[in-house]
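Below is the structure I would like to discuss, written out as structure tokens.
The values are calculated or read from the model by the stated rules, or taken from the named source; none is laboratory data. Because the structure is a prediction, the values reported are computed rather than measured. Neighbour counts are summed over all protein chains in view; Cβ atoms, including those assigned to glycine, are modelled from backbone coordinates with ideal geometry. Just so you know, the surface numbers come from the protein's heavy atoms only, side chains and all, with ligands and any DNA or RNA stripped out. Shrake-Rupley method; radii C 1.70, N 1.55, O 1.52, S 1.80 Å.
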Amino acid sequence: MIQSMTGYGKSVLHLPSKKVTIEVKSLNSKNLDLNTRIPSYYREKELDVRKKLASSLVRGKVDFSIYVEMTADETSTTVNTGVVREYMQQLRNVTQVGSSDDVELMKMAVRMPDALKTEREELDDEEWKQIDAHIDEALKEIIQYRIDEAKSLEEDFKTRIFNIKEALENVKELDGERIENVKERLQKALDDLKVEVDENRFEQELIYYLEKLDINEEKVRLANHLEYFLEQLATEDSNGKKLGFIVQEIGREINTTGSKANFAPMQKLVIQMKDELEKIKEQILNVL
């Protein structure tokens, strides 16, 4: 079962003093491009988080965020009373105002450096266990999102591959007519020249020419590649890179068939196959 690289997952944890929101977003990328936003007091766990994200999401441009909103009455930020008083006294000396203007002085003082101090919050192991469990929940959600997103991609791939197979069957049916058409054109060209030709030599040259235009190997390889693509699409693992390589091989056989066709009705079918393949190429970039 394939997965899309586009996804979103979210989990919210309510603790006694805070609300922790965990978000994971991903878009398509050739490799894992991981960006994390984690509060400083959880920073020591960042490497563990990155390993978990890399193991679960494998590829994609991933944005991971932990947002903390304090909900309790208590706060880790306090007024540095001594510093504020000293600022107020200095301002009073400069402005030479009385105590009646202390409110205005205080407004200015609290904007000064070091007027407020924030106590560094220590990492609580029990709290982190809960957060870690919610990271797992967010990852489950984004993986399910990726699976759901890929279902429509899978159906589209199957439709495109079926269309190419159908065009290939039409190519096989036209192949005999194409060979006869080539023979007739060569014979007509010789007749127009009005020269005598050694029939044996002509047959030898004709066989050599037709061998260069033979597409039997291309038809067999193309059919095999199409079946292999469908087989890999049905496997349990999602391997977009492997599917991309198979698509390249399919394109190579279609292009070779087109270059050898030398027959307008067959070339039209080749163009149809190329069109279907281009639509697959556009979407395969988003497969994990």
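Please report, in debye to the nearest 20, how large the charge dipole of the chain is about its Cα centre when each Lys and Arg carries +1 at its beta carbon and each Asp and Glu carries -1 there.
The calculation lands at about 740 debye.
Hey, another quick one. Which of the lysines could a cross-linker bridge to LYS10, judged by Cα under 25 Å and excluding same-chain residues fewer than eight apart?
LYS18, LYS19, LYS25, LYS30, LYS45, LYS51, LYS52, LYS61, LYS129, LYS140, LYS151
What accessible area per residue comes out for the chain, rounded to a whole number of Å², with a 1.4 Å probe?
Using a 1.4 Å probe on heavy atoms only, each residue of the chain averages 61 Å².
Using θ = phi - 60° and the Karplus relation 6.51 cos²θ - 1.76 cosθ + 1.60, list the HN-Hα couplings for the range 159-169 in order, rounded to whole Hz, with x at every Gly or Pro.
Whole-Hz 3J(HN,Hα) from phi for the range 159-169: 5, 5, 5, 4, 5, 5, 4, 5, 5, 5, 4.
Something else: Angle check, please: helix 216-233 long axis (alpha carbons) against the longest principal axis of the chain (alpha carbons), in degrees 0 to 90, nearest 10.
Long axis of 216-233 versus the principal axis of the chain: about 30 degrees.
Same structure again: R0 = 51 Å: FRET efficiency of VAL79 with MET1, Cβ-based, nearest 0.05?
Using R0 = 51 Å, I get an efficiency of 0.35.
Just the Cα atoms of the range 218-272: what Rg and Dmax do they give in Å?
Cα only, the range 218-272: 13.0, 42 Å (Rg, Dmax).
Hey, another quick one. Roughly what percent of Cα-Cα pairs across the chain reach past 35 Å?
54
What nm distance separates the two modelled labels at VAL103 and TYR67, each placed 7 Å from Cα along Cα→Cβ?
Taking the two extended label points, one gets 3.5 nm.
Now, a different point. Of all the accessible heavy-atom surface of the chain, with the other protein chains kept in place and a 1.4 Å probe, what percent is carbon and sulfur?
49
Taking 0.36 nm per residue of separation and subtracting the Cα-Cα distance, what length does fully extending ALA223 through LYS151 add?
Length gained, ALA223 through LYS151: 23.5 nm.
Over the alpha-carbon set of the range 1-93, work out the extent along each principal axis and list the three values in angstrom, largest first.
That works out to 74, 28, 20 Å along the principal axes.
Amide H to amide H, which residues 5 or more places from GLY60 or on other chains are under 5 Å from it, using H placed in the peptide plane?
Amide H to amide H, under 5 Å and 5 or more residues apart or across chains, GLY60 pairs with SER29, ASN31, LEU32, ASP33.
Turning to a different aspect of this structure: Find the relative contact order for the range 1-86 and round it to a whole percent, using C-alpha pairs within less than 8 Å whose residues are 6+ positions apart.
36
While we're on this one: Considering Cα pairs under 8 angstrom that are at least six residues apart, work out the relative contact order of the range 33-73 and quote it in whole percent.
In percent, rounded to a whole number, it is 65.
Please report, in debye to the nearest 20, how large the charge dipole of the range 1-96 is about its Cα centre when each Lys and Arg carries +1 at its beta carbon and each Asp and Glu carries -1 there.
380
List the residues whose amide H sits under 5 Å from the amide H of THR36, counting only those 5 or more places along or on another chain, with H placed 1.01 Å from N in the peptide plane.
PHE64
What does the charge count around LYS279 come to, taking other residues whose C-beta lies under 9 Å from its C-beta (Lys +1, Arg +1, Asp -1, Glu -1)?
-3
For labels at ASN28 and ASN262 in the simple 7 Å Cα→Cβ model, what's the distance in nm?
3.8
If you don't mind, another one. Suppose R0 equals 45 Å. What FRET efficiency, 1/(1 + (r/R0)^6) with r the Cβ-Cβ distance, do ASN35 and GLN248 give to the nearest 0.05?
Efficiency, from the Cβ-Cβ distance: 0.90.
Based on the mean of other beta carbon atoms within 10 Å per residue, what is the order of 33-42, 223-232, most packed first?
The peptides rank, most packed first, as 223-232, 33-42.
Once phi is turned into θ = phi - 60°, what whole-Hz ³J(HN,Hα) does the Karplus curve with 6.51, -1.76 and 1.60 give for every residue of the range 237-253, x standing for Gly and Pro?
Calculated HN-Hα couplings, in order: 8, 9, 10, x, 5, 5, 4, x, 5, 5, 4, 4, 5, 4, x, 5, 5 Hz.
Step through the residues of the range 63-70 one at a time and calculate ³J(HN,Hα) from phi using the Karplus curve (6.51 cos²θ - 1.76 cosθ + 1.60, θ = phi - 60°), rounding each to whole Hz and writing x for Gly and Pro.
10, 10, 9, 10, 10, 10, 10, 6
According to a simple spin-label model (label point 7 Å from Cα along Cα-to-Cβ), what is the distance in nm between GLU282 and ASN255?
Those two pseudo-labels are separated by 2.0 nm.
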